[in-house]
Amino acid sequence: MSKDRVYRLKNGKSPVMLILCSRHTRRKPLLYFDGKSRRELRYAPNQKTPFVDEQDEHAIVEPVIFRDGLLRVELENLILQEFLSMHPDRDIVFEEVDNEKDAQKEVKKLDLEFEALSLAKELDIDKLESIGRIVLGVNVDSMSSAELKRDVRIYAKNNPEDFIGSVDNSDISVKNNIAKFLEEKLLTLRNEKKEVYFNLKNNKKRLLVIPFGQTPIDALHSFFKTDEGINIYEELVDKLD
């Protein structure tokens, strides 16, 4: 359908001026596959087609310029619209503005944000602490419940998809308990935090050596997934205050 069209640079970029490649070169190939072969493109407003093999010897090439991140092309300039529709940088460097599509994305974003905030509001204190300690990386023991709720809800609002995923992630709760094992000294780190030891009344043995590149919590999390580790994990959970 013929209409005025607006194009914008992707990722919110808006330089004062950006010149889009308007002719094929070895350094910057400008080719379009028409289903049979790869054909050279060239924007020449005095021609009837953007394909070089269909243009005559009088083609006058002009630059295609985005100003402040935008390019407006009136319906009368069908050659430029066709050229941009075939340009290899379409949907990579630039895209056509589609208000309906943008609105759909915004509605989806708002729905996801609403879902995340609603979910955050219903979380019990244990789940709030798990997300605060493991996902946000905050010291939940020094925070009031109101501060924790605030920080979790801000995270949910700004990162709704990640937040929803973390609520359903059972690993978060396990890692939270591991952090508690260390905080309550049921387990201790020794030898420059490279080894984990039991710190129980009748057990001071070494539990494991932390593999290179892993954090203590990640190493313990992997261990507690093993057959041996599951039983130890359950015993330690029973000892938490």
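Criterion first (surrounded by 11 or more Cβ atoms within 10 Å (Cβ to Cβ) and not basic (Lys, Arg)) does Val107 satisfy it? No, not satisfied.
Filtered by the rule that a residue be farther than 22 Å from Leu78 by Cα and charged (D, E, K, R), the stretch 15-50 gives Arg26, Arg27, Lys28, Lys36.
For first residues located in the stretch 40-54 and without any contact (Cβ under 8 Å) to a residue 40 or more places away in the chain, partners that are among the aromatic types (Phe, Trp, Tyr) and lie 6+ apart or on another chain with Cβ distances below 7 Å form the pairs Pro50/Tyr43; Pro50/Phe83. Checked against the criterion of being under 30 Å from Val73 (Cβ atoms) and under 22 Å from the mean Cα position of the chain (by Cα), the stretch 108-115 contains one or more residues that satisfy it. One residue stands out in the stretch 214-241 among those that are charged (D, E, K, R) and part of a helix (DSSP H, G or I): the one that is farthest from Leu187 (Cα to Cα), namely Asp227.
Screening the stretch 57-104 for residues that are surrounded by fewer than 16 Cβ atoms within 10 Å (Cβ to Cβ) and polar (S, T, N, Q) and picking the one that is nearest to the chain's Cα centre (by Cα) gives Gln104. Only one of the numbered conditions (1) in contact (Cβ under 8 Å) with a residue 24 or more places away in the chain; (2) out of contact with any Pro (no Cβ under 6 Å at 6 or more places or on another chain); (3) under 17 Å from Val167 (Cα atoms) is violated by Ala116, and that is (2).
Only a single criterion out of (1) surrounded by fewer than 17 Cβ atoms within 10 Å (Cβ to Cβ); (2) in contact (Cβ under 8 Å) with a residue 24 or more places away in the chain; (3) within 27 Å of Asn99 (Cβ to Cβ) is not satisfied by Asn11, namely (2).
Quick note: the coordinates plus some simple rules give every number you see, no bench work behind them. The model shown is predicted, which means the values in this text are computed figures rather than measured ones. So basically every Cβ, Gly included, is an ideal-geometry build from the backbone, and we count neighbours across all protein chains shown.
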